[in-house]
Amino acid sequence: MMTMKNLRIFLGLFLIFLLVAAEVLAQSDSIVTYQITLINKRTGKPVPGVKVHYKKLPYESEIGNLTSDNAGKVTAYFRAHEKYSLSIDNPGFLKVAEIVNPLEGASSDLVVNRTVNLIEGGVGTVLKLENLKFRRGEATIMDESYVELDRLVEMLQEAPNLRIRLEGHTDYVGNPTANLALSQQRVDAVKAYLVEKGIDAKRIETKAFGGSQPLVKSTNAAERAVNRRVEVRIIGDTNE
């Protein structure tokens with residue numbers, strides 16, 4: 001026979017069970033606001049118009065297709081205790097595919113804010129190092145160039161299978177032989193910096209063009225400045 005004391009203990013435990021069950025039930029219905037900002041890894045700028053797809057696992061019973069806005073942002077609404085596959089696939093960038101647990105990194109009000117860095121890629125893609133500067137007539141890299149070069153290092157670190165070719169160009173004015181040699185020295189200097197930062201030299205080829213491929217032909221020296229450049233061409237994957 002249950003005594004009054006035992007009855008009180010039983011009722012207390014039953015009440016705790018009900019409270020825990022209610023909390024679990026409430027959490028199972030909770031929705032996480034999942035906000036992603038898509039950033040170009042090399043330039044640091046947001047990427048609009050990117051297609052983001054998600055599916056609820058394991059049966060793919062919920063499917064969503066989103067597009068990033070002008071600020072590179074997308075917002076999805078995930079069930080807190082489910083898992084989702086997330087894929088980001090955009091021309092000119094390497095594909096991102098991952099499994100998302102919505103509660104990882106969520107705030108107390110069930111909001112996640114995260115940044116996904118998109119890495120430019122695809123064989124044949126050419127990236128111009130806009131802010132890479134050399135001393136005039138030399139292969140000495142100027143100090144203001146290292147911010148952009150360090151972004152390139154980070155891009156290569158995050159995509160360890162990429163192989164690139166550094167392509168050097170000079171102005172077409174002057175001695176063609178000297179221009180060809182200078183463009184080779186400049187890509188060699190960039191390669192040396194990347195290797196110094198830990199990038200495997202086998203992943204980096206170089207090619208010098210001198211002044212044979214100008215972007216602009218003009219008698220104006222300032223306009224011809226764009227011809228002096230180093231471009232990064234994606235040439236393959238080390239797993240190929």
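The values are calculated or read from the model by the stated rules, or taken from the named source; none is laboratory data. Keep in mind that this is a model prediction, so the values were computed, not measured. Note that each Cβ is placed from the backbone with ideal geometry, even for glycine, and that neighbours are counted across all protein chains shown.
Some notes on this structure:
- Qualifying residue in segment 96-104 (condition: exposed (fewer than 11 other Cβ atoms within 10 Å of the Cβ), over 13 Å from Thr37 (Cβ atoms) and over 19 Å from the mean Cα position of the chain (by Cα)): yes
Conditions tested, residue by residue: (1) under 29 Å from Ile39 (Cα atoms); (2) surrounded by fewer than 17 Cβ atoms within 10 Å (Cβ to Cβ); (3) within 19 Å of the chain's Cα centre (by Cα); (4) not assigned by TED's automatic domain parsing to the domain that holds Gly44.
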{"position": "Ile164", "(1), (2), (3), (4)": "yes, no, yes, yes"}
{"position": "Thr170", "(1), (2), (3), (4)": "no, no, no, yes"}
{"position": "Leu182", "(1), (2), (3), (4)": "no, no, no, yes"}
{"position": "Ala189", "(1), (2), (3), (4)": "yes, no, no, yes"}
{"position": "Ile204", "(1), (2), (3), (4)": "yes, no, no, yes"}
{"position": "Gly210", "(1), (2), (3), (4)": "no, no, no, yes"}
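- Across segment 188-240, the number of residues qualifying as hydrophobic (A, V, I, L, M, F, W, C), touching a Lys or Arg at 6+ places or on another chain (Cβ under 7 Å) and under 22 Å from Val173 (Cβ atoms) comes to 2.
- Failed item in (1) farther than 30 Å from Ser145 by Cβ; (2) at pLDDT below 95; (3) loosely packed, with under 15 Cβ neighbours inside 10 Å, with Gly44 passing the rest: (1)
- Across segment 50-75, the qualifying residues are those that are surrounded by fewer than 12 Cβ atoms within 10 Å (Cβ to Cβ) and either under 16 Å from the mean Cα position of the chain (by Cα) or acidic (Asp, Glu) (or both), and the one among them that is nearest to Val112 (Cα to Cα) is Ala71.
- Those residues of segment 171-222 which are outside any helix (DSSP H, G or I) and more than 26 Å from Val123 (Cβ to Cβ), in sequence order: Asp171, Tyr172, Val173, Gly174, Asn175, Gly211, Val216, Lys217, Ser218, Thr219, Asn220
- Scanning segment 79-95 for residues that are over 17 Å from the mean Cα position of the chain (by Cα) and either closer than 25 Å to Ile119 by Cβ or small (Gly, Ala, Ser) (or both) gives Ala80, Lys83, Tyr84, Ser85.
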